[in-house]
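Student: Here's a structure for you.
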Amino acid sequence: MKSFNGKVLFLDRSDINTDEIIPARYLTEITKEALTPYLLEDLELAGFDAKRDIAPAGAVMTRANFGCGSSREHAPWAFEMNAMNIVIGESFARIFKQNMFNCGMMAVELAPAVIDDLMARFSGRETELSTDLATGVFRFTAGDESLEVPFEISEFDRALVEAGGWVGYADTHY
Amino acid sequence: MGKTIAEKIFESHLVDNPSGDIQVIRLDSVFCHEITTPVAITDLQARGMDRVFDPSKIKAVIDHVTPAKDSKTAMQGKIVREWALRHGIIDFFDIGDNGVCHALFPEKGFVRPGYTIIMGDSHTCTHGAFGAFAAGVGTTDLEVGILKGVCAFHAPQTMKVVITGELVPGVYAKDVILDVIGRLGVNGATNRVIEFTGPVVDAMSMESRMTLCNMAIEAGGTCGICAPDMTTVDYLWPFIQDEFKTKEAALEAYSTFAADVDAEYTDELVVDVAGLVPMATFGYKPDQVKPVAELSGERVDQVYIGSCTNGRIEDLRVAAAVLEGKHVHPSVRGVLSPATPTIYKMALKEGLIEIFMDAGFCVTNPTCGACLGMSNGVLAEGEVCASTTNRNFNGRMGKGGMVHLMSPASAAATALTGVITNSHIFTGEA
């Protein structure tokens, strides 16, 4: 099972599409590894600097409709290759969310008010996420401030995470 | 309680209900192209599972970058080509026979009412125009589809979009769907199927219905669906005439997938198009939509007519009618990409290609290329394109480029003037 812990990258915008996550000009690559340097290259977000912000991060927090647009699984792969296996947001585009769990990664929804609160408390600060999948609790820590937030994922999504993705699951079930 | 079209299709294809509302369904077809399939192929090989569930149910095409533009795209084509050969995938379309997947596969008769289809391409929702459930998926879903012939979805929830009134001349399916997306927003249909219904849809050709369903994903929809009717049967007749004695018999069989009168919908949107005018996008999201008239005068550098949204024969006819006997503005590059070889040949026979070329358009081979900024018409930084495609995301057609989505009529008129223009000044309509 993948790790769902690490520094949090705050992307405080809705409707971030998969063209921004990984532009089509890199879809000619046939290995996941080759996507590593291009993650979020075309993201339009004030204060965001891909070179500075991506490398240390292990998790993403964002707003609504993350991953809309193209079905390209290159988007989850680009996160995966940068050791970012979890995106937390208000909502996700269907295909992106499915692709994340299909890769044994997580796309977890929290209520907008909870995201508001977390953004207000932690955005702009060096924040660490630790995920307890068994109990369904996120712990956010920055300096001496720490906050626990419960989360839910479906039984099926949990099974995919535990199986390391949909290929492993489907191969044993169908 | 009655059922929607998607619920009926799922019920007839259900394989498993692993937990909650997850339904694993049997697939009638898995469509593949050279951008999202190679990684599935190499992963299956690495796992020692280089198999396909049924070669007759897999349809593959090289369409996104064709002919190959460099060594990397050549390799993507090679991987798919060799895989198709290795597994006896007969319906594989390469140079000379290839075209934009969502125009090519319907044209080949591969989509039928009640079918379940996946493809590693978000615009797979197009095929719902035939009363099928067709969804864009990622490479892992595609990989499992290729291997096992199944895919997992949440039980389908459906939103109904009723289109009433009558379209005025000069207003097309593209204007309707842009207007609908403007009302729904880019995630207004997320996790839902959109059933398009009403007299305007009933009166539409299959081409127009495909334009409508094609952009369901731009509102977040899993699939756009139109109920099968005699228009659907007429389109499919060359492919199904051995299967059914009469068209009426075919329609009766397909009608088993029609929605029940008491089917339950999550939402219903009624759009009266009587007053609808030509529409276009103005920002970087497909729900940022305005009447073309309000954008008139905005300068463009390129006009692109093509794609799975609007590269079909009726689109070319509409654009050619605007362009006939005229020439594009000197500051504009006009690019036409007929979506399939059949469309290209029809356009040649009908004299449309000559009209485009006399007007100063470059006519490319069928390909997705420019729509996603991969080839055959990529924009430079700061450039603006009026395009008949489906996405206006920042940089979509080239880093730093801007895209205004619109109908083929509006795009053609814009090509003539160099600024966003309503086609009625050339045709007297709308």
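Student: Using +1 on the beta carbon of Lys and Arg, -1 on that of Asp and Glu, and nothing else charged, what's the dipole of chain B about the Cα centre, debye to 20?
Tutor: Values: 34 positive and 51 negative charges, 217 e Å.
Using Cβ point charges on Lys, Arg, Asp and Glu, chain B gives about 1040 debye.
Student: What do you get for trypsin sites (Lys or Arg not before Pro) in the range B:193-266 restricted to DSSP loop and a cutoff of at most 15 other Cβ within 10 Å of the site's Cβ? Intermediate results must be reported in sequence, preceding the final value.
Tutor: Numbers: sites: B:Arg209, B:Lys245, B:Lys247; in loops: B:Lys245.
Sparse-neighbourhood loop trypsin sites (Lys or Arg not before Pro): B:Lys245.
Student: Once phi is turned into ³J(HN,Hα) by the Karplus curve 6.51 cos²θ - 1.76 cosθ + 1.60 with θ = phi - 60°, what whole-Hz value does each residue of the range B:396-406 show in order, with x for glycine and proline?
Tutor: Each residue's phi maps through the Karplus curve to give 3, 9, x, 4, x, x, 10, 10, 10, 7, 6 Hz.
Student: Considering every residue in A:56-66, what mean count of other chain Cβ atoms within 10 Å of its Cβ is obtained?
Tutor: Working: counts 0, 0, 0, 0, 0, 0, 0, 0, 3, 7, 1.
Whole-number average of other-chain Cβ neighbours for A:56-66 is 1.
Student: In addition: Under 11 Å from a label point 7 Å along Cα→Cβ of A:Glu155: give me every residue in the range B:5-29 with its amide N that close.
Tutor: B:17-22
Student: Give me the distance in nm between label points sitting 7 Å out from Cα along the Cα-to-Cβ direction at B:Ala380 and B:Asp272, one decimal.
Tutor: Reported label-point gap for B:Ala380 and B:Asp272 is 4.9 nm.
Student: Given R₀ = 60 Å, FRET efficiency for B:Ala46-B:Asp260 by Cβ-Cβ distance, to 0.05? List each step's numbers first, then the result.
Tutor: Details: r = 46 Å, r/R0 = 0.77.
E between B:Ala46 and B:Asp260, to the nearest 0.05, is 0.85.
Student: Same structure again: Of all DSSP beta bridges in the protein assembly as shown, what percent run antiparallel (nearest 5)?
Tutor: Expressed as a percentage, antiparallel bridges in the protein assembly as shown total about 30.
Student: 222 nm [θ] for chain B, helices only, -39500 (n - 2.57) per DSSP H run of 4+, per residue, to 500?
Tutor: Details: 17 runs with 145 residues, N = 430.
For chain B, the value works out to -9500 deg cm²/dmol.
Student: What translational diffusion coefficient, to the nearest whole µm²/s, does the protein assembly as shown have by Stokes-Einstein, given a Kirkwood radius computed over alpha-carbon pairs, a temperature of 25 °C and 0.890 mPa s viscosity?
Tutor: On the way: Rh = 24.3 Å.
For these conditions, the coefficient is 101 µm²/s.
Student: Compute, for the range B:280-427, the length of the dipole vector about the Cα centre, with Cβ point charges of +1 (Lys, Arg) and -1 (Asp, Glu) only. Units Debye, rounded to 20.
Tutor: Numbers: 12 positive and 12 negative charges, 54 e Å.
With Lys and Arg at +1 and Asp and Glu at -1, about 260 debye.
Student: Additional query: Give me the inter-chain shielding for B:181-192: mean count of other chain Cβ atoms within 10 Å, whole number please. Don't skip to the end; give the middle numbers.
Tutor: On the way: counts 0, 0, 0, 0, 2, 8, 10, 1, 1, 9, 5, 1.
So the per-residue partner count for this stretch is 3.
Student: What number, in percent, do you get for the relative contact order of the range B:196-237 if the mean sequence gap of Cα pairs under 8 Å and at least 6 apart is divided by its residue count?
Tutor: Details: 26 pairs, mean separation 17.7, N = 42.
Relative contact order of the range B:196-237: 42 percent.
Student: Would you report the distance distribution of C-alpha pairs in the range A:6-173 as whole percents per 10 angstrom bin, up to the bin with the largest distance?
Tutor: Each 10 Å bin holds this share of Cα pairs: 11, 41, 37, 11, 1.
Student: Hey, another quick one. What is the Cα centroid distance between the range B:97-137 and the range A:136-173, reported in whole angstrom?
Tutor: Distance between centres, Cα-based: 33 Å.
Student: Using a Förster distance of 41 Å, how high is the FRET efficiency between B:Glu354 and B:Asp54, based on the Cβ-Cβ distance and rounded to 0.05?
Tutor: 0.40
Student: How much net charge surrounds B:Ala380 when only the other residues with a Cβ under 10 Å from the Cβ of B:Ala380 are counted, with Lys and Arg +1 and Asp and Glu -1? Walk me through the numbers before you get to the answer.
Tutor: Numbers: positive: B:Lys399; negative: B:Asp301, B:Glu381, B:Glu383.
That sum, taken over residues with Cβ under 10 Å, equals -2.
Student: Another question about this same structure. Where Lys and Arg each count +1 and Asp and Glu each count -1, what net charge lies around B:Ala250 among other residues with Cβ under 14 Å from its Cβ? The partial results should precede the final answer.
Tutor: Working: positive: B:Arg112, B:Lys245, B:Lys247; negative: B:Asp229, B:Asp234, B:Asp242, B:Glu243, B:Glu248, B:Glu252.
Local net charge: -3.
Student: Moving on. Which net charge results for the neighbourhood of B:Val273, defined as the other residues with beta-carbon distances under 14 angstrom from its beta-carbon, given Lys and Arg at +1 and Asp and Glu at -1?
Tutor: On the way: positive: B:Lys174, B:Arg183; negative: B:Glu166, B:Asp175, B:Asp179, B:Asp202, B:Asp272.
Overall, the nearby charge balance is -3.
Student: Could the peptides B:158-170, A:145-157 be put in order, highest first, of the mean number of other beta-carbon atoms found within 10 Å of their residues?
Tutor: Working: B:158-170: 18.7, A:145-157: 14.3.
Order by mean packing, descending: B:158-170, A:145-157.
Student: Quick one: work out Rg over Rh on the C-alpha atoms of the range B:93-219, Rh as Kirkwood radius.
Tutor: Working: Rg = 15.1 Å, Rh = 15.5 Å.
Here Rg/Rh amounts to 0.98.
Student: Given labels modelled 7 Å from the Cα in the Cβ direction, how far is it in nm from B:Arg299 to B:Ser331?
Tutor: Here the modelled spin labels are 0.4 nm apart.
Student: Can you classify the range B:5-270 as rounded, prolate or oblate using the Cα gyration tensor, where a ≥ b ≥ c are the square roots of its eigenvalues, rounded means a/c under 1.5, and otherwise it's prolate if a/b beats b/c and oblate if not? List each step's numbers first, then the result.
Tutor: Details: a/c = 1.56, a/b = 1.47, b/c = 1.06.
Prolate is the answer for the range B:5-270, as a/c is 1.5 or above and a/b outweighs b/c.
Student: State the answer as a single residue: which of B:Phe133, B:Ile355, B:Thr246 lies farthest towards the positive end of the charge dipole of the protein assembly as shown, with beta carbon charges of +1 for Lys and Arg and -1 for Asp and Glu, about the Cα centre.
Tutor: B:Ile355
Student: While we're looking at this one, here's another question. Averaged over its residues, how many other protein chain Cβ atoms are within 10 Å of peptide B:39-45's Cβ atoms? Don't skip to the answer; put the middle values down first.
Tutor: Values: counts 7, 2, 1, 2, 2, 1, 0.
Per residue, the average neighbour count from other chains is 2.
Student: For chain B, what is the relative contact order in percent, using Cα pairs closer than 8 Å and at least 6 residues apart in sequence? Show your work: numbers first, answer last.
Tutor: Values: 1067 pairs, mean separation 73.8, N = 430.
Relative contact order for chain B comes out at 17 percent.
Student: R0 = 35 Å: FRET efficiency of B:Glu82 with B:Asp21, Cβ-based, nearest 0.05? It would help to have the intermediate numbers written out before the result.
Tutor: Working: r = 39 Å, r/R0 = 1.12.
Rounded to the nearest 0.05, the efficiency is 0.35.
Student: So for the protein assembly as shown, taking the charge dipole from beta-carbon charges (+1 Lys/Arg, -1 Asp/Glu), which of B:Gly418, B:Pro341, B:Val168 sits furthest toward the positive end?
Tutor: Going by the Cα projections, it comes out as B:Pro341.
Student: So, one more: To the nearest 20 Debye, how big is the dipole of the protein assembly as shown about its Cα centre, given +1 on the beta carbon of each Lys and Arg and -1 on that of each Asp and Glu? Don't jump to the answer; show the numbers that get you there.
Tutor: Details: 49 positive and 79 negative charges, 254 e Å.
Once rounded to the nearest 20, the dipole reads 1220 debye.
Student: Can you tell me the relative contact order of the range A:6-173? Whole percent, Cα pairs under 8 Å, sequence separation 6 or more.
Tutor: On the way: 309 pairs, mean separation 36.6, N = 168.
Dividing the mean separation by the residue count of the range A:6-173 yields 22 percent.
Student: Charges on Cβ only, +1 for Lys and Arg, -1 for Asp and Glu, centred on the Cα centroid of the protein assembly as shown; of A:Thr28, B:Phe31, B:Val261, which one is farthest towards the dipole's positive end?
Tutor: A:Thr28
Student: Are there any GluC sites (Glu not before Pro) in the range A:59-103 that are in a DSSP loop and have at most 15 other Cβ atoms within 10 Å? List them by number.
Tutor: Values: sites: A:Glu73, A:Glu80, A:Glu90; in loops: A:Glu73, A:Glu90.
Passing both the DSSP loop test and the Cβ count: no residue.
Read-outs throughout are calculated quantities, based only on the coordinates presented, and are distinct from any laboratory measurement. No experiment lies behind these values; they were computed from the predicted model shown. Reconstructed Cβ throughout: ideal geometry from the backbone, glycine too, with neighbour counts over all protein chains shown.
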